[in-house]
1. Among DSSP bridges having both ends in chain B, what percentage is antiparallel? Round to the nearest 5.
2. Enumerate the amide H contacts of B:Ala73 below 5 Å, restricted to partners 5 or more residues apart or on another chain; note that Pro and chain-start residues carry no placed amide H.
3. Which residues of the range B:31-50 show a drop of at least 30 Å² in accessible area when all protein chains are present, compared with their chain alone (probe radius 1.4 Å, heavy atoms only, ligands and nucleic acids excluded)?
4. Can you run phi through the Karplus equation (6.51, -1.76, 1.60; θ = phi - 60°) for the range B:21-28 and list ³J(HN,Hα) in whole Hz, with x for Gly and Pro?
5. Could you tell me how many degrees, from 0 to 90 and to the nearest 10, lie between the Cα long axis of helix A:135-149 and the main elongation axis, the longest principal axis, of the Cα atoms of chain A?
6. Please figure out what share of the DSSP beta bridges in the protein assembly as shown is antiparallel and state it in percent, rounded to the nearest 5.
7. Can you give me the long-range amide H partners of A:Asp173? Hydrogens built in the peptide plane at 1.01 Å from N, cutoff under 5 Å, separation of 5 or more residues or another chain.
8. Got the relative contact order for the range B:39-164 handy, in percent, Cα pairs under 8 Å and 6 or more residues apart?
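The values are calculated or read from the model by the stated rules, or taken from the named source; none is laboratory data. In this text the structure is predicted, and so the values were computed from the model without any measurement. Every residue, glycine as well, gets a Cβ built from its backbone with ideal geometry; the counts of neighbours run over all protein chains shown. Side chains are part of the model used for accessible areas, which takes the heavy atoms of the whole protein and leaves out ligands, DNA and RNA. Shrake-Rupley method; radii C 1.70, N 1.55, O 1.52, S 1.80 Å.
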Amino acid sequence: MGMKSDIKLIDAKGKRLDGRAIDEMRPLKIEAGVLEQADGSAYLEWGNNKVIAAVYGPRECLPRHKASPYGSTLMYRYNMAPFSVDDRKRPGRDRRSTEISKISEEALNKVVLTERFPNSMININVEVLQADAGTRCAALTAASVALADAGIPMKDMVASCAAGKAGDHIVLDLGKLEDNFGKADVPMAIVPHTGEIVLLQMDGDLSPKEFKTAMTLATKGCMMAYEEQKKALKAKYKGGGKK
Amino acid sequence: MREVVIPGEKLSEGTKLHAGQGTYKADDGVYANTYGLMNKREDAVSVVPLEGKYMPREGDKVIGVIEAIRFEAAFVDIRSAYNGYLPLDGRDRLKAGDVVLVDIASVNEINKVDLERPMKLYEGKLMDIPSVKIPRVVGHKGSMLELLRKSGVTLFVGRNGRVYIKGDTETVKKTEEALNMIVELAHTDGLTDKIKDFLEGESNGNEK
């Protein structure tokens, strides 16, 4: 964010570096039920982002002190593979992944009917295999599909997408260069049917007016992501067998 | 073929319909809360789950594996989020690792599971399948089970998705294949006929 460069992020015709219009999302593809061992799983490709999500549980809560008689404890783990970025990401937890895990966990807590499973835990592991801006949104979108695939009761899905400011325009779903050299990034997650916002962050600077435009645009993006989630889950049991 | 629905999908406009299993009522309609198949009738709507862990229910017969014996009770793994608690009366000669067919005596509000009447299962083979597919393995009034047992195999089906098979190698293998087929085709129609064809050797199990 905010790095200096001479790159023109948006050309005279209003096209972006990768040829997208300002309100166009990168191509999104989701597949549900890709892992044998997990109770639920999903694989997602969003532009050049590649993310795999696995859900285990509800199962016995370990460590024990995290168990709650009021409901299941969600444990969300966002992790980037060392090979997911150019150069190398130092493996393991860091400030950034801890933050993303926390906010994504809180977002999902709003929809999962945790009260059905007191004293248990639900593990959600999301591994970023290839990163290209917007991975927290990609991860949360995949995690939501994996949760549904695990048969865990939820009020609704959680769909996520980002908007931001590149050059002087508010654009949907920032790409890597737009993220690095743009002016602001607003990742957002919503509950599609109620429109409730369950995740909202901002990196960079936006005027109140710009912020509102970005939010409207991101909401639109979330709905597009939701349609893909729906497609992925319905495709798993289409026609004859599981395949 | 019933429709596949996902959590949060609107199943009906208005709140007149009774919201059955896997659904909930909101201000403007009935919504699904589980990924599954929709069952819509005139007066009610429900969702039969396609995935998910076993939730213990009073009266269910399950197959468990004994994890530990402590004092006069056994802790039994019943493939759920919760272990079962089985009080022993001294006559039961059970040890950790034993496989038992047990009844669920009670489940309380925090899902503490009490078990009763264990029956130890010897030898044989234990197979794990998704618990949501068990109703199809049993069939309508046990019709599928009857079909599977025709070969003379000893077959016990636990509601928690564990199946115990005992018999000669060939029959056990064939039964296993039939069970895998049921799991794969559980959400399709005419399942009993498909399995019948398979067991009688008219199908090799590859057709969908």
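1. Of those bridges, close to 90 percent are antiparallel.
2. Under 5 Å from the amide H of B:Ala73: B:Leu88.
3. B:Asn33, B:Tyr35
4. Per-residue couplings from phi come out as 4, x, 9, 8, 9, 10, 4, 10 Hz.
5. Once rounded, one gets 30 degrees.
6. Details: 84 of 97 bridges.
If I count the DSSP bridges inside the protein assembly as shown, around 85 percent turn out antiparallel.
7. Amide H neighbours of A:Asp173, under 5 Å, 5+ apart: A:Ala162, A:Ala163, A:Gly164.
8. Values: 242 pairs, mean separation 33.7, N = 126.
Computed over the range B:39-164, the figure is 27 percent.
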